[in-house]
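First up is the structure itself, then whatever we jot down about it.
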Amino acid sequence: VMSLRNEKKFSQEKLTADLRRIYKLGFFKNVSSKAMETNEGIRIITIVREKPIMKIEILGEELDMKREAERFLSNAIGDKELFYSEKQEEKWTKILTGFYRQMGYYKVKITLEVKIDEDKNTAALVFNVKEGDVVKIRSIVFIGNTVFEDKELKKIMQIKEKALLRDGVFREPSYLEGLDNVTAVYNREGYAKTKVTSERVKLDEVKNEVEILIKIEEGSKYRVEKIELEGNKNLKTEYILSNFILKQGEILDRE
């Protein structure tokens, strides 16, 4: 990381740049240096103060997913983010919340307490979790769709209502991803301006069920009228167009 080397001419600019590079590694709270004149030349002492080593703990009563959640966070953190910073508080709370909601715990409540031990230089991130019950899907209603039937859109989104032989668990991250999938499928069929104009997830706190309402604005279906090229000097337009998958006159496939 250091650009300054022994027996090289001293440069304050290089030293400042070196200190900035060390700080950007993300391992240290503070980075400073001292320059001392000696008979052999200038001796540079770099002083660093490490950030606390981060430890994570999940607490709460009757936690069904405690082991899975701790394993998930451990794998997510890996060896890259062992050092604590305040920015990580919101980040890991959001990630842990996403994990629980992917498992169906839509009502999960998480609070974070940070305990810093100055002597041991450690920071314990204690997540206090109230899981709540698994939430299931009571109903899914689409409004504005004419190209695809409701059952086709549900299949695209990979969500289904609860039934006798189907759990119908509501997994929020998958649900949000499914909304993007709906738009993408329309785009592949030539509906270049399709958008989900609104979506609502209404939670029944007593029955632990949600009602989902999704409004879609399909727009018109488009075909490719013309494909033009500009700026090609060495390759002929005909040659370049021959390599296009999308052809003139075909349905506009945005993908």
Overall form of the range 105-173 per C-alpha gyration tensor (a/c, 1.5; a/b vs b/c):
prolate
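Where only protein heavy atoms count, and the probe is 1.4 Å, what is the accessible area per residue for the chain in Å²? Spell out each step's value before the answer.
Numbers: 17900 Å² over 255 residues.
I get 70 Å² per residue for this part.
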Gaussian network model of the chain, Cα within-10 Å springs - most flexible of 168, 219, 104:
219
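Considering only the other residues whose Cβ falls under 15 Å of the Cβ of residue 248, what net charge follows from Lys and Arg at +1 and Asp and Glu at -1? Show your work: numbers first, answer last.
Working: positive: 223, 226, 247; negative: 225, 228, 238, 250, 253.
With Lys, Arg at +1 and Asp, Glu at -1, the neighbours total -2.
With the Cα gyration tensor of the range 142-185 giving a ≥ b ≥ c as the square roots of its eigenvalues, does the rule (a/c under 1.5 for rounded; else a/b larger than b/c for prolate; else oblate) give rounded, prolate or oblate? Numbers along the way, then the final one.
Values: a/c = 2.61, a/b = 1.39, b/c = 1.88.
The shape class here is oblate.
So which GluC sites (Glu not before Pro) in the range 114-178 are both in a DSSP loop and have at most 12 other Cβ atoms within 10 Å of their Cβ?
Details: sites: 118, 131, 149, 152, 161, 177; in loops: 118, 131, 149, 161.
Those satisfying the criteria are 118, 149.
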Principal axis dimensions, largest first and in whole angstrom, of the range 92-138 by Cα:
53, 15, 10
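With each run of n ≥ 4 DSSP H residues scored as -39500 (n - 2.57), what mean residue ellipticity at 222 nm is computed for the chain after dividing by its residue count and rounding to the nearest 500 deg cm²/dmol? Don't jump to the answer; show the numbers that get you there.
Values: 6 runs with 72 residues, N = 255.
So the calculated ellipticity at 222 nm is -9000 deg cm²/dmol.
What's the longest bit of the chain with no exposed chymotrypsin sites (Phe, Trp or Tyr not before Pro), using DSSP loop states and at most 16 other Cβ atoms within 10 Å as the test?
Numbers: sites that count: 10, 27, 222, 244.
In short, 28-221.
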Take the Cα pairs of the chain, get the Kirkwood Rh, then feed it into Stokes-Einstein at 4 °C and 1.567 mPa s and tell me D in µm²/s.
54 µm²/s
Once the in-chain neighbours fewer than 8 apart are removed, the aspartates and glutamates whose Cα is under 20 Å from residue 193 read 149, 150, 152, 177, 180, 217, 218, 225, 250, 253, 255
For the range 211-228, in residue order, the Karplus 3J(HN,Hα) values (coefficients 6.51, -1.76, 1.60; θ = phi - 60°; whole Hz; Gly and Pro = x) are 10, 10, 10, 10, 9, 10, 10, 6, x, 8, 9, 10, 10, 7, 7, 7, 10, 10
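Treat every Asp and Glu Cβ in the chain as -1 and every Lys and Arg Cβ as +1, leave all other atoms uncharged, and give the resulting dipole magnitude about the Cα centre to the nearest 20 debye.
Details: 49 positive and 46 negative charges, 130 e Å.
In total the dipole reaches around 620 debye.
Which trypsin sites (Lys or Arg not before Pro) in the range 185-255 pass both tests, a DSSP loop state and at most 16 other beta-carbon atoms within 10 Å? Before the final figure, lay out each step's value.
Details: sites: 188, 193, 195, 200, 202, 207, 215, 221, 223, 226, 233, 236, 247, 254; in loops: 193, 207, 221, 226, 233, 236, 247, 254.
Counting only loop positions with at most 16 other Cβ atoms within 10 Å, the trypsin sites (Lys or Arg not before Pro) in the range 185-255 are 193, 207, 221, 226, 233, 236, 247, 254.
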Taking springs between alpha-carbon atoms closer than 10 angstrom, which of 40, 89, 205 fluctuates most in the Gaussian network model of the chain?
40
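The values are calculated or read from the model by the stated rules, or taken from the named source; none is laboratory data. None of these values were measured; they are calculated from a predicted model. No Cβ is skipped: glycine too gets one built from the backbone with ideal geometry, and neighbour counts run over all protein chains shown. The area values use the complete protein model at the heavy-atom level, side chains included, leaving out ligands, DNA and RNA. Shrake-Rupley method; radii C 1.70, N 1.55, O 1.52, S 1.80 Å.
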